[in-house]
Each structure stands twice: as structure tokens, then as C-alpha cells.
């Protein structure tokens, strides 16, 4: 099934979204995410990580929504959901925690 993504003079909305994420542009990333038909779970994790790194007040609610999606979409066992929650909590306390990031990426199955 194809997903229609609007194009602009700057490329696809998704391409702009990824560039904004990679550049650490919180507000632009969030604005572009709203224009996408769907934000995949791995991209949503990147947004959560960006919010943590920026010390953004929206981190907590974004982390909770991501954890809910992770549990529902991956049908992960409870132990993995708890591990993901603990990693998100650690990320909130210590945004540069490589262990937390690695744990989340491993649980999601998308090492970066």
C-alpha cells in the first residue's frame, strides 16, 4: 500500500522531518510530524530522544505515548515493556544516556 506524502520545493515532508530531527530542531520536527500521514514507531522514538536531549517539557507525555504505542504495536512481552519504560525514565533523568538509548533501540529492533 502506498502512502501519499506531499512534496514541496524542499523535498518530501518526510525528508524535511528527518532533516529537522537530525539537526535537533524540536519545534520544526514536531510541526512536520503533524503533516505526515503516520509517524512510524522508530521515528517517534527519535522524536522522544530529541525532546529528552533538548530538556523539553513535552518529553514526559511523548515518552508515555511512545511506550503505549510500543506495547500495542509490537505486542512485546510485559518484561520488555517494563524495560522500555525504565529506559525512557532514565532518558528523562539523563538525556545523554547511551545505555537508555541502546536499550530502546534494541527493544525496537532498529539499531542505529
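Brief remarks on what is shown
- If you go through the range 74-88 and keep only what is touching a helix residue (DSSP H, G or I) at 6+ places or on another chain (Cβ under 7 Å) and modelled with pLDDT of 95 or more, you end up with 80, 81, 83, 84, 85, 87, 88.
- Residue in the range 38-47 that is over 20 Å from residue 101 (Cα atoms), out of contact with any strand residue (DSSP E or B) (no Cβ under 6 Å at 6 or more places or on another chain), in contact (Cβ under 8 Å) with a residue 24 or more places away in the chain and surrounded by fewer than 18 Cβ atoms within 10 Å (Cβ to Cβ) present: yes
- Hey, residue 57 over 15 Å from residue 46 (Cβ atoms), at pLDDT 95 or above and not in a helix (DSSP H, G or I) or not: yes
- Here the range 73-112 is the region considered, the condition is being assigned to a loop (DSSP other than H, G, I, E, B) and free of Cβ contacts under 8 Å to residues at least 40 places away in the same chain, and the residue that is surrounded by the fewest Cβ atoms within 10 Å (Cβ to Cβ) is 111.
The values are calculated or read from the model by the stated rules, or taken from the named source; none is laboratory data. What you see is a predicted model; the values in this text were computed from it and never measured. Neighbour counts are summed over all protein chains in view; Cβ atoms, including those assigned to glycine, are modelled from backbone coordinates with ideal geometry.
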